[in-house]
Amino acid sequence: MRLSQMNRIVVILMMVMVGMVASAQADQKSLSSSTVSQTKRQFDVLFHEALLQRQKGNLDAAFDLLQRCQELSPEAAETYYFLGEFYADMEQNEQALNAFRRACDLEPKNMTFLERMAYASIQAGAYGEGAEMMEQMYEADKSRQDLLETLYMLYMRQEDYGKAIATLDKLEAVDGPTERTTLAKCRIYIEQDNADAAISEMRQLAEHYPNDPTYRTLYANTLLVADHFDESYNVLQQVLAEDAGNLRAQQVLRSYYIRQGDEAAADSVNHAILLNPKASIEDKVGQLRQIIIENEQQQGDSTVVLDLFNELLRQPNPSADIAEMKAAYMQLKEMPRDSVRQAFSYVLQLAPEQASARLRLVQQAWEDEDDDAIISLCSEARQYNPEEMVFYYYQGMAYYRQEDKDNALEAFRNGINVINEQSIPEIVSDFYAVMGDLLYQKGRQTDAFAAYDSCLVWKEDNISCLNNYAYYLSLLGERLDEAEQMSYRTVKAEPENATYLDTYAWILFRQERYAEAKIYIEQALRDSLIDGVVKEHAGDIFALNGDIDKAMELWQQAQTNAPDNKLLRRKIKRKKYFQK
């Protein structure tokens, strides 16, 4: 059938209109696609730059770029993931968790995002949510046994014992029953007052490994904890019949006798354990520690413990660790100092390299002010323990107390040579502080001040160093503003210390701040033990504050301690302040 002319025109017009509409839609689609593509390119550039800045350590710039990425593409999961990392680093746990949640919502199958969210949940205390994420990850990858370990701890923290046991069951499905999982189950059952279930678990483990006495011993211990005394004892006797020296069985048997109140039998097992050739030194030390704790709790006789020590030390090849433990116990019980000293000396006979025992002797000698003993002990320590800085410190201080400045300085210098990253800052700081004092006394002012600077690097609030440094600067009239700041810190730290008050007053005096100096020196004068130097300083300060009578009184008191002080005699004779 033919179309009329008019119909043909209408059709043609319709086709043209359809073509125009299609063309317009295509143009719009092309424009939209171009805009999306441009946004995507911009996002990619900014995101790449954000990661680059993060790698360089420019964290603020990286964070700003990520936030711009979030604005450009709110559906980009990776942006939220890295923003979450930033929030976590800033310890903003809630914001971090929200960011990780958003990343997981956008890419729910991304295991990296899921795992990070799980740990963020745990960090924020949302243990239930964290456990849920862990369960999802484990279902997706059954090889992740580490997830089960974490899940077990999470359920235990929530006291969800049912799920904790279910998790242990999953672990056992992979590895079979183990001592660790079985003991964990037993602890849960005992916590739930379900002794029968605990015993059943341990019995199954023992039956699973019938030739391993370890598991039968654990079974016996579980029976003992559940008050099944006779059954526990019978299992232990079977184990010990096969292996009389089984240490773990002996330890459980000892607990059995203690629970039964049979002290004599428990003591007998104690001896068997301590003399057991299969027991390591660590086992014996652990056993002795337990015996000491029990003895203290019962306020028992310390000679019983000492007898055990002595019996062990009479055996061939006695252990220095046990000898030191005995000496430490004697010190704890405040036994005579000579006996304690002999006990620690015996440790060094067995093992001269035992630094901890030597240090105890050094500290005791320090308390006794026995500098010769300290020097001798530390000299030996420098042969056996040359890396231990503390021995150089004590040796240097002992020489210092003997006014042997050269040897003291040598000891401190050698001690500084062994400083490392693990060194205790307080001790290192004191090393440099005393070195500074020694160097100043030897007239080496530049080296002394360098030592003080090093001291304050290690401990900026070393009060003694700050005081001495400031005082010596004031004597030289150098860097008085800096000296005043250092000295003020000491006065703030110890506002009633006459020495520090005198130093601060004297620095103010050297700065010609006489009225302020008088305030602080008056506080120092309240201390009845001040020496002549402080009194002379006080006299000088009062003199320049116009109180010559008070100055004379103080100068005369100072002269009692320094009769040969010519400058002081001149001040008294002329009734006038003179500067050196």
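The values are calculated or read from the model by the stated rules, or taken from the named source; none is laboratory data. The structure presented is a predicted model; accordingly, all values stated were derived computationally and were not measured. Neighbour counts run over all protein chains shown; Cβ positions are idealised from the backbone, glycine included. To get the accessible areas, we keep the full protein, side chains included, count just its heavy atoms, and leave off ligands, DNA and RNA. Shrake-Rupley method; radii C 1.70, N 1.55, O 1.52, S 1.80 Å.
A few points about this structure:
- Reachable lysines from LYS40, criterion Cα separation under 27 angstrom, eight or more residues apart if same chain: LYS29, LYS56, LYS109
- Accessible carbon and sulfur surface of segment 458-547 relative to its total accessible area, %, 1.4 Å: 44
- The Kirkwood hydrodynamic radius of segment 288-428, based on inverse pair distances between different Cα atoms, is 16.4 Å.
- Rel. contact order, % - alpha carbon contacts under 8 angstrom, at least six apart, the chain: 3
- Axial C-alpha extent at least 30 Å, average Kyte-Doolittle at least 0.0 - helices from the chain (DSSP): 5-56
- Considering only alpha-carbon pairs that sit under 8 angstrom and 6 or more positions apart, the relative contact order computed for segment 431-580 is 13 percent.
- Kirkwood hydrodynamic radius of segment 129-169, from the reciprocal of the average inverse Cα-Cα distance over all distinct pairs: 9.9 Å.
- Legend: distances between Cα atoms for LYS142/LYS163; LYS405/LYS580; LYS518/LYS550; LYS278/LYS333; LYS550/LYS573; LYS459/LYS492; pairs beyond 19 Å are LYS405/LYS580; LYS278/LYS333.
- A 1.4 Å probe over all protein chains sorts LYS575, LYS109 by accessible area into LYS109, LYS575, starting with the largest.
- Solvent-accessible area of ARG569, all protein chains in place: 100 Å² (probe radius 1.4 Å, heavy atoms, ligands and nucleic acids excluded).
- A 1.4 Å probe run over the chain, with the rest of the protein chains in place, finds 55 Å² accessible per residue.
- Dipole magnitude of segment 173-321, debye to nearest 20 (Cβ charges: Lys/Arg +1, Asp/Glu -1, about Cα centre): 320
- The loop-placed GluC sites (Glu not before Pro) in segment 422-513, going by DSSP, that have at most 14 neighbouring Cβ atoms within 10 Å of their Cβ come out as GLU460, GLU478, GLU496, GLU512.
- The charge dipole of the chain, taken about its Cα centre with unit charges on the Cβ atoms of Lys, Arg (+1), Asp and Glu (-1) only, comes to about 2360 debye.
- Rounded if a/c under 1.5, otherwise prolate or oblate - segment 157-247, Cα gyration tensor axes: oblate
- Exposure rank, largest accessible area first [HIS537, HIS208, HIS271; 1.4 Å]: HIS208, HIS271, HIS537
- Segment 36-193, relative contact order in percent, only Cα pairs under 8 angstrom and at least six apart counted: 11
- Computed over protein heavy atoms with a 1.4 Å probe, the carbon and sulfur contribution to the accessible area of segment 248-346 reaches 47%.
- Largest accessible area first, the residues LEU224, LEU456 order themselves as LEU456, LEU224 under a 1.4 Å probe with ligands, DNA and RNA left out.
- Cα gyration tensor, segment 88-165 - rounded (a/c under 1.5), prolate or oblate: oblate
- Among the listed values (i) 52.9; (ii) 26.5; (iii) 36.7, the one computed from these coordinates for mean projected area of the Cα convex hull in nm² is (i).
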